[in-house]
Amino acid sequence: MSETHGGSTEREGFSEDIAQLIVAVRALIGGHWDLFRAELGAISRDAVAVLLGAIAVITLVTAALLGLLLAVFMMVGAAFFGSMVWGAAHVTLILLVAAASITSSILQITAQRRARSFALAFVGGAIGALLVLVVFGGSAGPATAASLLFALTLLLLDLLSGLATFDMQRFTDRFRPLATEHELRTTLDAVDELREEAATAVAEEVGGAVGAADAAIAPARKMVRAAADALREIADRLRERRAARDEGDDV
């Protein structure tokens, strides 16, 4: 009894040790997980702060550069065209034209269509300068400013109208491996042709084999048929003799 009690006590102690070990492992894993979540939260906060700071810096630098650009154009407008309003109008149209040109290039508007826009802008600028000089009797400064204004306005309007010629198929084809698709389709067609040829050849070979097998077993089939016919005739004769004997017995 003492040995049994001691053995059971040892087993209970070992089970408690295992349970404590499992609890310790769980606590260790939980501690690492809590530490990871805390670090991840700190990293996320730092990443968000860095991102917001970068956005703020980029926004401020862009605004400063735009302000400088606007100031330069306004100074040029005041010096050459007699009014800062010309410079503000020109810089606004130039930025819009640049945005429309980039959009036109991204959307794969044809080069001929974009060339037409610049040609129309040149003609419009020349006509605007002539109108100011001849009709309104303006000086060279206002005439040049009006010419640039008309040219940039027509260029912007025609570039925007050219976006209506956007071809979705042509745009999406840029992001598709057309050459690979063509080669893959050619390979699949070749595989289909080979499969059909192989199936036809196999059918011909099987048909030939079946025909040869029929030709090989034809004599055996004839012998079997002849034996069956002979046995059938013998059976018929035996039936006839038995029937005749039965009739004689009755008489």
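The values are calculated or read from the model by the stated rules, or taken from the named source; none is laboratory data. Just so you know, these numbers come straight off a predicted model, no measurement behind them. Cβ atoms come from the backbone with ideal geometry, glycine included; neighbour counts cover every protein chain shown.
Look through 61, 50 and report the one residue that is in a helix (DSSP H, G or I), among the β-branched types (Val, Ile, Thr), modelled with pLDDT of 90 or more and under 30 Å from residue 95 (Cβ atoms).
Just one listed residue meets the conditions, 61.
Residue 87: more than 46 Å from the chain's Cα centre (by Cα), surrounded by 12 or more Cβ atoms within 10 Å (Cβ to Cβ) and assigned to a helix (DSSP H, G or I), yes or no?
Taking the combined requirement at face value, the residue does not satisfy it.
Quick grid of which residues meet (1) among the aromatic types (Phe, Trp, Tyr); (2) crowded, with 16+ Cβ neighbours inside 10 Å; (3) more than 23 Å from residue 170 (Cβ to Cβ); (4) out of contact with any helix residue (DSSP H, G or I) (no Cβ under 7 Å at 6 or more places or on another chain):
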{"residue": "125", "(1), (2), (3), (4)": "no, yes, yes, no"}
{"residue": "128", "(1), (2), (3), (4)": "no, yes, yes, no"}
{"residue": "140", "(1), (2), (3), (4)": "no, no, yes, yes"}
{"residue": "150", "(1), (2), (3), (4)": "yes, yes, yes, no"}
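Name the residue, out of 194, 163, that is surrounded by 10 or more Cβ atoms within 10 Å (Cβ to Cβ), assigned to a helix (DSSP H, G or I) and modelled with pLDDT of 85 or more.
Exactly one residue qualifies, and that residue is 163.
Quick one: is residue 72 more than 30 Å from residue 169 (Cα to Cα), touching a helix residue (DSSP H, G or I) at 6+ places or on another chain (Cβ under 9 Å) and at pLDDT 90 or above?
Judged against the criteria, residue 72 is a match.
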